[in-house]
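The values are calculated or read from the model by the stated rules, or taken from the named source; none is laboratory data. Remember, it's a predicted structure, so these values are computed and weren't measured experimentally. Cβ atoms come from the backbone with ideal geometry, glycine included; neighbour counts cover every protein chain shown. These accessible areas exclude ligands, DNA and RNA; they are computed on the full protein's heavy atoms, side chains included. Shrake-Rupley method; radii C 1.70, N 1.55, O 1.52, S 1.80 Å.
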Amino acid sequence: MGKISDKKYILSMEEVGIIDVPEVGGKNASLGEMMKNLVPLGVNIPSGFIVTATAYRYFLSSTKLDVFIRATLAGLNTHNLKDLARRGKIVREAIIKAELPADLKEQIRNGYKEMEKRYGKNIDTAVRSSATAEDLPGASFAGEHDTYLGIRGTENIISAVKSAMASLFTERAISYRVDKGFDHFQVALSVGIQKMVRSDKGCSGVMFTLDTESGFKDIVLINGSWGLGEMVVQGKVTPDEFIVFKKTAKTFPNPIIFKQLGTKWKKMIYSNVSNKIAVAQTNVKQTKAVSTSEKERHTLVITDEETKKLAEWGMIIEEHYTKHYQKWMPMDIEWAKDGNTGELFIVQARPETIHADRDLTKIKEYVRKEEGQLLVKGASVGNKIATGRARVILNAKNINQFKKGEILITDMTDPDWEPIMKISSAIVTDKGGRTSHAAIVSRELGIPAVVGSESATRKIKTGQNITVDTSGSDGLVFDGILKFNIVEHDIKNIPKTRTKIMMNIATPDTAFEKSFLPNAGVGLAREEFIIASVIGIHPLALLNYKNLKTDLKKKIDQKTKGWPNKAEFYVDNLSFGIAKIATAFYPNPVIVRFSDFKTNEYRTLLGGELYEPIEENPMIGWRGASRYYDPKFKEAFKLECKAIKKVRNEMGLTNVIPMIPFCRTPEEGIKTLEIMAKGGLMTNYIAQKENKTSRHIVPVYVMCEIPANVLRQDDFLDIFDGMSIGSNDLTQLVLGLDRDSGIVSHVGNEKDPAVINMIKTVIKRCKERSKYIGICGQAPSDHLDFAAFLVKAGIESISLNPDTVVKTTLTIAAEEKRQKKV
């Protein structure tokens, strides 16, 4: 940038770069850096000009405000919230009442005139604060200082600049600087005046180039809502959410692995009040929140093409900053869509400060040891468990009631709440999503949060003892103090094994976190959880929607908002769940078992009683392969095939390998493969049988869980590419034990010689025929000696429950070492 003259107080955004943080602050330096380097690469960024930190210091010194501020803040204890609020208000009012020096005001007027030449007369602007210590790795200062939207005209901009400078002395900003070890005069405030993107008529949101909960780096997470972006940032709405897989984004047609419709009850737009900033105020609204229309609530804010474009820009920005810092640098980015022009823009970007320096070789697991009465649930933030006394506070004016170590229960938070957030043991909010203020600050503070619970402030009372559990896919709040364990692992100390250690994964939302455990992929991903918990509707009810009764249609409509085509709702949401798991473990194989509900389980789905018979013994009834080719169910099975096809061919997750459960005869297997082909999945057996070629040949495994699978192993291996042993059902059927009966459970288990001999036989034959052989049953997770037996038998892979991966891996490594000596 070169040396700045003492009399030059404004700069164009194109003049600055990331090295200029001391003069223009982190936010403005980042905008300038991107405008110089990334606009030529196709990233849209609105321009403007910057009032520098030199201008800020000039203003304070010429008006003697610097002396006044030092005197006012002398001896301040930031934990005395009342005194903090009193002194902060005195400082802010003094700054706003003071006049900017005449030469500085004239330069601001000239800067706005240049914007008018470029963008048109009386152009709308966003006036954004940019502290000289913000947006740095380790100190984000996110949301600590004020932004003013839709400011028009030179005098209003001058007022807004002063108000932004005054926001350096809000209670939250003062407190944050003290906590981070910054002297109040070590930090200066620059102000950016940027062309306003008319997202009040369009939409806007936040984008992260990683998973914000786990730190998983291979995805781009996009949140969005109608109107101005403050509704998303402040957590006032639950936004739409989109996830894009980075590794296939440039090579496959649809790398969007997840889409979820948010409630989006409100949106922020321009208000009709005067645009002038009042002299005595520091936080004047030029905007208002209004209710969204029903159509807006049920429509995703951006299209697939726009989602892919934003993700592409996010990856470009991350790549640039990674190169600059010479280490992986995930980014926190704000985006907006202009409702007038339909154009997308990046309006801010800063380093993501939570996970950038995280040591991923250290894993800490929180395991709840007790069940309790569930009070509320919402989005999970933090992957921890905390207990304590609840404190319900609905207004920031009452935060002085809060005591250290309590659990904050509130509607939503903004930066005014931060003085008590940092002393809370957990946070629970009614509103907000994973990129809301409460979520972002909780991650930075390292405390668990449940956001978007909808009813916490009504169902939880002040003084009530509660447990907040964010260790799973949902954030759960229980009544009472529940016991839990903390288990720490250092992956560097876990030996590598010849036997492939895989995992059983049922819940897509935990996959990113579990992927950090040492593994060779997923040996069993169950579709049942996705179908029951996410979809919740019987597939045949969706396929026959037009013929259903009105009451059932209404219930289905409620669950399928945003999907006019009901079958597509099933395919899309099933594919999203599968894709999350496949993304987490890519490029390692992820074996996805087709649905294995029994009739009694299918009946629990919405509409299920219309299509499911009542069986005396569903465990050995109409389940698994016998459903897939049955005329009564095959159209539903084709939806599962379409989901797998979408994940592999469109999203590019070719590591997904489908698996057939409970296949009683090879003839059933062939019929199933034929239906799969009609559903778009061409397997090796069908391709060879029909002499067809395809670049999308899909390997397919079969569960080995019925004695017939072992007794006719060669016939099964003729048509399938491998087997995965299901020790639960195999034990049940070999020993004639009902696995749901506690009366006969003492008779035997997987270690019975009859079961052992069956498993030995099939492992040996699969190896002889160069076919995949693994195990995904419960036995090796429960019995370490059983895992050692499998290694000795020469099994290719063992799939374990995630909580047993470390201890079982150590056992397997010891057994392999022992065998090597022998």
| message | Quick check on the stretch 331-344. Is at least one of its residues among the hydrophobic types (A, V, I, L, M, F, W, C), at pLDDT below 95, in a strand (DSSP E or B) and open to solvent by less than 60 Å² (accessible area, probe 1.4 Å)? | response | no
| task | Would you point out the residue of the stretch 175-193, among those that are surrounded by fewer than 24 Cβ atoms within 10 Å (Cβ to Cβ) and not in a loop (DSSP other than H, G, I, E, B), that is farthest from the chain's Cα centre (by Cα)? | result | V178
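Can you find even one residue in the stretch 601-623 that is part of a strand (DSSP E or B), open to solvent by less than 10 Å² (accessible area, probe 1.4 Å) and touching a residue at least 60 places away in the same chain (Cβ under 8 Å)? Outline the logic, then answer.
Let us first name the residues in the stretch 601-623 that are part of a strand (DSSP E or B), namely 606.
Retained after the next criterion (residues that are open to solvent by less than 10 Å² (accessible area, probe 1.4 Å)): none.
No, the conditions are met nowhere in the stretch 601-623.
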| query | Out of (1) β-branched (V, I, T); (2) more than 36 Å from the chain's Cα centre (by Cα); (3) more than 20 Å from Y112 (Cα to Cα), the odd one out for T54 is which? | reply | (3)
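Can you name every residue in the stretch 765-791 that is open to solvent by 60 Å² or more (accessible area, probe 1.4 Å) and closer than 22 Å to L717 by Cβ?
Step one: list which residues in the stretch 765-791 are open to solvent by 60 Å² or more (accessible area, probe 1.4 Å), which gives 765, 767-770, 782, 784-785.
Passing the criteria: R765, K767, E768, R769, S770.
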| task | Considering only residues that are open to solvent by 10 Å² or more (accessible area, probe 1.4 Å), outside any helix (DSSP H, G or I) and among the polar types (S, T, N, Q), look in the stretch 30-64 and name the one that is farthest from L100 (Cα to Cα). | result | N44
| If R458 satisfies every condition in (1) of a type outside the set (S, T, Y); (2) in the same structural domain as G433 (by the TED database); (3) surrounded by fewer than 16 Cβ atoms within 10 Å (Cβ to Cβ); (4) in contact (Cβ under 8 Å) with a residue 40 or more places away in the chain but one, which is the exception? | (4)
| Candidate set: the stretch 652-702, residues that are charged (D, E, K, R) and modelled with pLDDT under 95; chosen: the one most open to solvent (accessible area, probe 1.4 Å) | R695
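Filter the stretch 797-814 for residues that are more than 18 Å from I363 (Cβ to Cβ) and touching a Lys or Arg at 6+ places or on another chain (Cβ under 6 Å) and give the result. Let's see the steps before the verdict.
First, pick out the residues of the stretch 797-814 that are more than 18 Å from I363 (Cβ to Cβ): 797-799, 811-812, 814.
Across the stretch 797-814, the qualifying residue is only S797.
Hey, does the stretch 447-454 have a residue that's open to solvent by 50 Å² or more (accessible area, probe 1.4 Å) and touching a residue at least 12 places away in the same chain (Cβ under 8 Å)? Don't jump to the end; show me each part of the working.
In the first step, residues of the stretch 447-454 are kept if they are open to solvent by 50 Å² or more (accessible area, probe 1.4 Å); the result is 454.
From what is left, the residues that are touching a residue at least 12 places away in the same chain (Cβ under 8 Å) are 454.
Within the stretch 447-454, one or more residues are open to solvent by 50 Å² or more (accessible area, probe 1.4 Å) and touching a residue at least 12 places away in the same chain (Cβ under 8 Å).
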| Which members of the stretch 634-693 meet the condition of being basic (K, R), touching a residue at least 24 places away in the same chain (Cβ under 8 Å) and part of a helix (DSSP H, G or I)? | K634, K638, K642, K645, K646, R648, K671, K678
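When you go through S595, S626 one by one, which is the residue that is among the polar types (S, T, N, Q), open to solvent by less than 20 Å² (accessible area, probe 1.4 Å), under 21 Å from S724 (Cα atoms) and not in a helix (DSSP H, G or I)?
On the way: S626 fails: not in a helix (DSSP H, G or I).
The unique qualifying residue is S595.
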| message | Just checking: which of the strands (runs of 3 or more DSSP E) contained wholly in the stretch 479-549 hold 3 or more residues that are in contact with a strand residue (DSSP E or B) (Cβ under 6 Å, 6 or more places away or on another chain) and open to solvent by 50 Å² or more (accessible area, probe 1.4 Å)? | response | 484-490
